[in-house]
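What follows draws every value from the coordinates through simple rules; no lab data is involved. Fair warning: this is a prediction, and the values are worked out from it, not measured in the lab. Heads up, the Cβs are rebuilt from the backbone with ideal geometry, glycines too, and the neighbour counts pull from every protein chain shown.
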Amino acid sequence: MLRLVSREVETPESGVSPATPEQLLERVALGDQVAFGELYDQTAGRVLGLVKRLLKDHSQSEEVTQEVFLEIWQNATRFDSGRGSAASWMLTMAHRRAVDRIRASQASRDRDVKIGVRDIETDYDSVSENVEIRIEHERVERALGRLTELQRQAVKLAYYGGYSHSEVATMLGVPIGTVKTRLRDGMIRLRDEMGVAS
């Protein structure tokens, strides 16, 4: 792989400094391969670190990181600096890709298990169990519907989306303390709505 030479921007205080990820993304959106190389050099470690923290497997993490940078190259025109930093945009993309990979792996394992046990007779009432699960799901959906919109967003991102508190804060554009408050209040209200003891 070719090592790309970094272009630098002059500043009054130091004379020369590297371009910011936001500046690089603007150039990548115009098809600038050198800018893409600089962006990769600046951010690949963080992207790989996030992906590896979720996937654990180094080989899969490298594959997903490559997919993320391909997506960045293809979608750089969609980056909007008014909605957040380049780093948060890229890390959100990486998180989404890693979660997709986890879900795909889990679905594959689930298929294997189903194939392995499909001929085994069950000695329990699966219809009754499925009805209970559906009823419980409906109770949770009704309880979620009684939360405020802000609480519901935070709860769904954190508990259904698998995002950390800081990632939820970035996605919603609010301080992390606000996210924690919304989650706490939302969970208290959910427990109350569902009649669960604290």
Notebook entry, point to check: Within the chain, which DSSP H helices have Cα atoms that stretch 15 Å or more along the helix axis and a mean Kyte-Doolittle hydropathy of at least -1.0?
Noted result: 33-55, 58-75, 86-117, 126-145, 176-194
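Just want to confirm a number: the relative contact order over the chain, from Cα pairs under 8 angstrom separated by 6+ residues, in percent. Each step should come with its number before you reach the end.
Numbers: 145 pairs, mean separation 28.8, N = 198.
Here the relative contact order equals 15 percent.
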Notebook entry, point to check: Between residue 29 and residue 165, what is the spin-label point distance in nm, taking each point 7 Å from the Cα along the Cα→C-beta axis?
Noted result: 3.4 nm
Notebook entry, point to check: Stretched out fully, how many nm does the piece from residue 138 to residue 181 gain, at 0.36 nm a residue minus the Cα gap?
Noted result: 12.9 nm
Next item on the list: Please get the size of the charge dipole for the chain, origin at its Cα centre, with Cβ charges of +1 on Lys and Arg and -1 on Asp and Glu, quoted in debye to the nearest 20.
Entry: 400 debye
Notebook entry, point to check: Of 106, 23, 130, which is farthest on the positive side of the dipole of the chain, counting Cα position, with +1 on Lys and Arg Cβ, -1 on Asp and Glu Cβ, and the Cα centre as origin?
Noted result: 130
Notebook entry, point to check: Which of the following values of mean projected area of the Cα convex hull in nm² was calculated from the structure shown: (i) 12.4; (ii) 16.6; (iii) 18.7?
Noted result: (ii)
Next item on the list: Run down the lysines and flag those whose C-alpha is under 30 Å from the C-alpha of residue 180, throwing out any fewer than 8 positions away in its chain.
Entry: 52, 56, 156
Note to self: With the crude spin-label approximation of a point 7 Å out along Cα→Cβ, what separation in nm comes out for residue 99 versus residue 149?
What the structure shows: 2.1 nm
Check: Given a Förster distance of 35 angstrom, what is the FRET efficiency for residue 131 paired with residue 87, based on the Cβ-Cβ distance and rounded to 0.05?
Finding: 0.15
Note to self: Counting only other residues whose beta carbon sits under 11 Å from that of residue 148, what net charge do I get with K and R as +1, D and E as -1?
What the structure shows: +2
